[in-house]
1. Extension gain SER165-ASP116, at 0.36 nm per residue separation less the Cα-Cα distance, in nm?
2. For the chain, what is the accessible area per residue in Å², given a 1.4 Å probe and the full set of protein chains?
3. Would you work out if the stretch 135-175 is rounded, prolate or oblate? Take a ≥ b ≥ c from the square roots of the eigenvalues of the alpha-carbon gyration tensor; rounded if a/c is under 1.5, else prolate when a/b is larger than b/c, oblate otherwise.
4. Multiply the residue separation of THR4 and SER174 by 0.36 nm, subtract the distance between their alpha-carbon atoms, and state the gained length in nm to one decimal.
5. Within the accessible area of the chain, what % is carbon and sulfur when the probe is 1.4 Å and the other protein chains stay in place?
6. In terms of the Cα gyration tensor, with a ≥ b ≥ c the square roots of its eigenvalues, is the chain rounded because a/c is under 1.5, prolate because a/b exceeds b/c, or oblate?
Amino acid sequence: AGTTIVQAATERALATTRVFSFTDGVHVTITNMTIRHGNVSEGGYWSVDHGGGVFVGGILTLIDTDIVSNTADDGAGAYVTGDATVSGGVFQDNNGWPSCCTFGGGLYVDGDLHLDGTQFLSNSVYFEGGGAFVLGNASIDSALFQGNRTSNSSGGGLFVDTGDSFITSTLFISN
């Protein structure tokens, strides 16, 4: 990622807000940035706090962007209500609140995901998709999913719920 760092607080433990929030129907592109220390998790059962680092009510394109050390109930790193295209960058150490029914520790996509050359490292969530959770189709090339966890279900690295998966040249290690 680039030298631009945007954070909600100087450290995760002090954060009480998300880093970026974009309204419904937008197409957002973020390039060469590090987004870190966002927190929108209230920690309640069936809470609706999504996207500690980034919340996009539409389509997201990330290019060489690192999403690091964020907390939320779903999509702790980034939560997208539409499609997402991610090229390069890292999702690392993002944590879904440890309560029932949280999804997508690093990334939650409520649409199709196109992923190329991205790493998902040490993300965690209670239910499904420690690294990434996708409701649509997933097209993944040259990615790395390593050390991602779920506490009570499946898809430590990746969970594709209802769509098709097309995965090439990708490593899944110790998820």
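The values are calculated or read from the model by the stated rules, or taken from the named source; none is laboratory data. None of the values given here were measured: they were computed from a predicted structure. Just the protein is used for accessible areas: all its heavy atoms, side chains included, with ligands, DNA and RNA removed. Shrake-Rupley method; radii C 1.70, N 1.55, O 1.52, S 1.80 Å.
1. On the way: separation 49, 0.36 × 49 = 17.64 nm, distance 1.36 nm.
Gain on extension, SER165 to ASP116, equals 16.3 nm.
2. Values: 7250 Å² over 175 residues.
For the chain, the solvent-accessible area averages 41 Å² per residue.
3. Numbers: a/c = 3.46, a/b = 1.14, b/c = 3.04.
Oblate shape, in that a/c is at least 1.5 and b/c is the bigger or equal ratio.
4. Working: separation 170, 0.36 × 170 = 61.20 nm, distance 3.09 nm.
Separation in residues times 0.36 nm, less the Cα-Cα distance, equals 58.1 nm.
5. Values: 3570 of 7250 Å².
Answer for the chain: carbon and sulfur cover 49 percent of the accessible area.
6. Details: a/c = 1.32, a/b = 1.11, b/c = 1.19.
It comes out rounded by the Cα gyration axes.
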